[in-house]
């Protein structure tokens, strides 16, 4: 059985805020979220494996993203 995924739809208030933004603003926010998640993943791996090499870190990052 596969992993169940659920993304909560935006609330009416969130939708209204997003509709007032330009496409460029929404894209910027999306990129900022991606950057934050990337940094969070790297921090989590480094916390779990404090002595990890850069090469091992790259492999662990790939593993984490494959798990999504």
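The values are calculated or read from the model by the stated rules, or taken from the named source; none is laboratory data. Being a predicted model, the structure only gives us computed values, none of them experimental. FYI the Cβ positions are ideal-geometry reconstructions off the backbone, even for glycines, and counts take in every protein chain you see.
For segment 27-53, the tally of residues that are part of a helix (DSSP H, G or I) and over 22 Å from residue 68 (Cβ atoms) stands at 1. Residue 5 passes every criterion in (1) loosely packed, with under 10 Cβ neighbours inside 10 Å; (2) modelled with pLDDT of 95 or more; (3) under 18 Å from the mean Cα position of the chain (by Cα) apart from (2). Taking first residues from segment 30-53 that are without any contact (Cβ under 8 Å) to a residue 12 or more places away in the chain and partners that are surrounded by 10 or more Cβ atoms within 10 Å (Cβ to Cβ) and outside any helix (DSSP H, G or I), the Cβ contacts under 8 Å between residues at least 6 apart in sequence or on separate chains come to 46/52.
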